[in-house]
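The values are calculated or read from the model by the stated rules, or taken from the named source; none is laboratory data. No experiment lies behind these values; they were computed from the predicted model shown. Cβ placement follows ideal geometry from the backbone for every residue including glycine, while neighbour counts extend to all protein chains displayed. Each accessible area value is taken on the protein alone, full model and side chains, heavy atoms only, with ligands, DNA and RNA left out. Shrake-Rupley method; radii C 1.70, N 1.55, O 1.52, S 1.80 Å.
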Amino acid sequence: MTNRTVRIFTDGGVVSPGDLQQLARIARESGCQAIGLGSRLELFLSVEAEQWTAIEKKLAIGNLRFDSVENRYKNIVTSFVALDIFPSTPWLMTDTYLDVLEKFDYQPRLKINLTDPLQGLIPHFSGELNFVASTYPRHWHLYLQLPRFAKAGTSQRQSWPGLVDGDDIPALAKLIEEVYFGEFPATITELHDTVTSRFKGRFRQTTQELSLPVHPFPSFEGWNPIGTRYWLGLYRRSHTFPVAFIEALCELCIQNKIGKIGFTPWKSLLIKGVREKYRLSWEKLLGTHSINTRHSALELNWQLPDLDTTAMKLRDGLVRELDEKEMRTAGLSFAIRTSPLDESTSALIELENAGNPANEAYSIYHTHAFTANQPWELFAKNVSRPALVETLEKICQKYYAQIGVTPQAVAEEESIPTPVHYVHQCPSCLTVYDQTYGEPSIGIESGTAFADLPQSFVCDLCETPKSAFVVIEQETQLSR
């Protein structure tokens, strides 16, 4: 039986227990066993084709906004769920987000983010129109990441001149979308000039630069104190929750007078405001439905494309292998790009030759200084699946080696040219082939490129074939 996937939009990543309970009931009546979570804070249902027309009607009657998996429309992402849990800009409150969201009279086709720069739970730049709160009350910075204007080898992010009033965000976003899709401007300058000539609001002139604190990878699971109450984060490695559990969860929220259930880009649920006297009821709920709240950091710090079983299978294998090696990955986060993904992690694993499982190879990247919101830097390419864990181990070692280095030391280090070139390494014994030196002991002269080696070439230490070697970067140490 063929299934179709329907995406249900949430208002900035939060939903009332009543609305979620209604969705769970519709899912159960339609034969769904689970509700999935998406990276843009939306929900997924996998529905048998014969149920499609009926579920569309039920969702429409329930005023639940939805779309097919064709992904024409996008959910708006906000950091609303991070309020009261993470540091926040003083003027950003619950009503601030709600006032902006209520003014959206259309479902966007562009990915829109509204985030507080002080929190570290919701990525700031995973959208195409990224509104980041400024220090000036009710005003936001705007950063565009529109694929059409991306230049090869440069940062895709471009700032919009001036600050945007929160009341004007929906109208400005709608106008940008109309011009972008309707008139196909050739440059960001052309888009800006066209939009500003028609925009009825005003931009506040400012010389203020956006300052983003460096955040560690966020904790989003388990019981966490918040004043006299708790917030509870729930995660499942399948990125789905049983319908029966969701129904019981909503009922308990209603009983406990909890008005909102939140979602995170890490595909987890977040419930705020649990009172101590009700914790036993929550523990009973979790135990009855076998919901674990103690996943290791190895499992939590991964970002995968939505509904991508290939990425999920790769993550599960890597987690097992890293666990067997007792690898420490705290502070790092990993994304797997086997299909389109708006990654917001410090390391990235990208499948190079999709559709050719017989010759799997991956490229590994990390951000500059392993800091969020920075461009990717290549760490290794043409990495075979068997060598992937060893390469991740090296990237972890590189990360921990730079911890504690002061900005002054980094500046001094970067002021001294450090040439980087690529060498080929045996994944089995870690022997390196460097064309600078060749292999004179077996008749390969210095300067011989790896590509020019015969196909019969093998590692002279363990006889691993040439095809298994991986490319890694190697710095040349200079005398000072």
Could you name the lysines whose alpha carbon sits less than 16 Å from that of K394, not counting residues in the same chain fewer than 8 places away? K325, K381
Using all Cα-Cα distances in the chain, what percent lands in each 10 angstrom bin from 0 up to the longest? 3, 17, 25, 25, 17, 8, 3, 0
The extension gain from N224 to Q205, computed as 0.36 nm times the residue separation minus the Cα-Cα distance, is 2.8 nm
May I ask you to list the residues of segment 164-178 whose amide nitrogen lies under 11 Å from a point 7 Å from Cα along the Cα→beta-carbon direction of R109? 177-178
Simple spin-label estimate for D84 and N359 in nanometres, 7 Å along Cα-Cβ: 5.6
Sort the following peptides by mean Cβ neighbour count (other Cβ atoms within 10 Å, averaged over residues), highest first: 118-126, 37-45, 306-314, 321-329. 37-45, 118-126, 306-314, 321-329
Roughly speaking, to the nearest percent, how much of the chain's 1.4 Å accessible area is carbon and sulfur? 50
Student exercise, the chain dipole from Lys, Arg, Asp, Glu Cβ charges, in Debye to nearest 20: 1660
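As an exercise, use a Förster radius of 35 Å and the Cβ-Cβ distance of R198 and D95 to find the FRET efficiency, rounded to the nearest 0.05.
The pair R198/D95 has a calculated efficiency of 0.75.
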Subtract the Cα-Cα distance of D167 and R237 from 0.36 nm times their separation in residues, and report this length gain in nm to one decimal. 21.4 nm
Residue separation between H215 and A330 times 0.36 nm, minus their alpha-carbon distance, gives in nm 40.1 nm
Considering the dipole of the chain built from charges on the beta carbon (Lys and Arg +1, Asp and Glu -1) around the Cα centre, which of W140, V432, L314 is farthest to its positive end? W140
With the other protein chains left in place, how much accessible area per residue, in square angstrom, belongs to segment 124-238 at a 1.4 angstrom probe? 51
So for the pair K174, S456, with labels modelled 7 Å out along Cα→Cβ, what separation do we get in nm? 7.3
Accessible solvent surface per residue of segment 9-114, calculated while the other protein chains remain in place, 1.4 angstrom probe, Å²: 43
Surface accessible to a 1.4 Å probe, per residue, for the residues of segment 252-383, Å²: 47
Sorted on mean Cβ neighbours within 10 Å (highest first), peptides 85-94, 184-193, 374-383, 15-24 come out as 15-24, 374-383, 85-94, 184-193
Considering the zone a paramagnetic label at N63 would reach in this model (a point 7 Å from Cα along the Cα-to-Cβ line), which residues of segment 218-261 have amide N under 19 Å from it? 254, 259-261
Given points 7 Å out from each Cα along the Cα-Cβ axis, report the R320 to E393 separation in nanometres with one decimal. 1.8
So which helices of the chain fit the span-like rule, where a helix is a whole DSSP H run, its Cα atoms reach 15 Å or more along the axis, and its mean Kyte-Doolittle is at least 0.0? 169-182, 243-255
